[in-house]
Amino acid sequence: MDRATKYAKMILAGEIGAGRPVKLACQRHLNDLKRAKNKSYLYYYDAKTAEIRLEFYNLCHHYKGDCAGKPITPELWQCFVQGCVFGWKRKSDHLRRFSEVYEQIGKKNGKSTDAASTALYCMTVDGESGAEIYSAATSRDQAKIIFDTAKQMVARSPELKQYINVLTNNMNVPASASKFEPVSKEAGTLDGKDV
């Protein structure tokens, strides 16, 4: 059983405590797995793609605190979120079902680490040529938190260093013409960006 589905089943069985929105998301996932068996249903769950996203965490290493130097091991709730985002696809074109995600996570639960890993994944593995990834915030210093976390991950990963060029305010993958940059309100308009 894939990790996203395992988490959903554990939540609904009461093995892990959760609020109503999380329970509803888990129920939707399980209901949609049943619906996906019907040919007329618009979506399918690609557990292999979801697992590739989760395995990507192994290429990203913590760079501070007690875990510094160790590969990131996602919590089961992260496996559910990332598994659903990257695993659910449209049958018509095999593109991701979900293009927007809302997460509300308490302080010191790895938001920046998770976002940095996701940005690196989208820039390297996702398969989009010319991908544009941005870390956005009201101030440049704030926008650079996730960007700098990703830079530290690349610096500690022999695999990622092979593909990603790291500059002061830009990371890029020449092979796919993809880039990752921090942007802020201070920079003015974001017109022309293809996020």
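The values are calculated or read from the model by the stated rules, or taken from the named source; none is laboratory data. Being a predicted model, the structure only gives us computed values, none of them experimental. Please note: Cβ atoms are built from the backbone with ideal geometry, for glycine as well, and neighbour counts cover all protein chains shown. All accessible areas refer to the heavy atoms of the entire protein, side chains included, with ligands and DNA or RNA removed. Shrake-Rupley method; radii C 1.70, N 1.55, O 1.52, S 1.80 Å.
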Exercise. Note down the Stokes-Einstein diffusion coefficient of the stretch 1-117 in µm²/s, whole number, using a Kirkwood radius over alpha carbon pairs, 20 °C, and 1.002 mPa s.
Key: 141
Quiz item: Which of the residue pairs 9/64; 48/89; 64/108; 6/108; 37/91; 89/144 have a Cα-Cα distance greater than 23 Å in the structure shown?
Solution: 9/64; 6/108; 89/144
Practice problem: Determine the principal axes of the Cα atoms in the stretch 1-43, then give the extent along each, sorted from largest to smallest and rounded to whole angstroms. | Solution: 34, 22, 12
Self-check item: Under 5 Å, built H, 5+ apart or other chain: amide partners of residue 133
Solution: 179, 180, 181
Practice problem: Would you mind calculating the relative contact order of the chain from Cα pairs under 8 angstrom and at least 6 residues apart, reporting the percent as a whole number? | Solution: 18
Quiz item: In nm², what is the average projected area of the convex hull enclosing the Cα atoms of the chain?
Solution: 12.4
Practice problem: Please give the FRET efficiency for residue 138 paired with residue 39, using the beta carbon to beta carbon distance and R0 = 30 Å, rounded to the nearest 0.05. | Solution: 0.05
Quiz item: Taking the DSSP beta bridges in the chain as the whole, what percent of them are antiparallel, to the nearest 5?
Solution: 60
Quiz item: For the stretch 88-102, what does the Karplus curve 6.51 cos²θ - 1.76 cosθ + 1.60, with θ = phi - 60°, yield as ³J(HN,Hα) per residue in whole Hz, taken in order and with x for Gly and Pro?
Solution: 7, 9, 7, 5, 5, 9, 6, 8, 4, 5, 9, 10, 9, 9, 10
Quiz item: To one decimal place, what Kirkwood hydrodynamic radius in Å is obtained for the stretch 56-95 from all pairs of distinct Cα atoms?
Solution: 11.9
Practice problem: Over the stretch 53-182, give the accessible area per residue in Å² for a 1.4 Å probe, as an integer. | Solution: 53
Exercise. Whenever you get a sec, compute what percent of the accessible area on the chain sits on carbon and sulfur atoms (1.4 Å probe).
Key: 52
Quiz item: Restricting attention to the alpha-carbon atoms of the stretch 90-195, what are Rg (one decimal) and Dmax (integer), both in Å?
Solution: 14.2, 41
Quiz item: Projected area of the stretch 71-142, taken from the Cα convex hull and averaged over every viewing direction, in nm²?
Solution: 6.3
Quiz item: When only Cα pairs under 8 Å and 6 or more residues apart are kept, what is the percent relative contact order across the stretch 1-112?
Solution: 27
Quiz prompt | Kirkwood Rh and Cα Rg combined as Rg/Rh, the stretch 111-153 | solution = 0.98
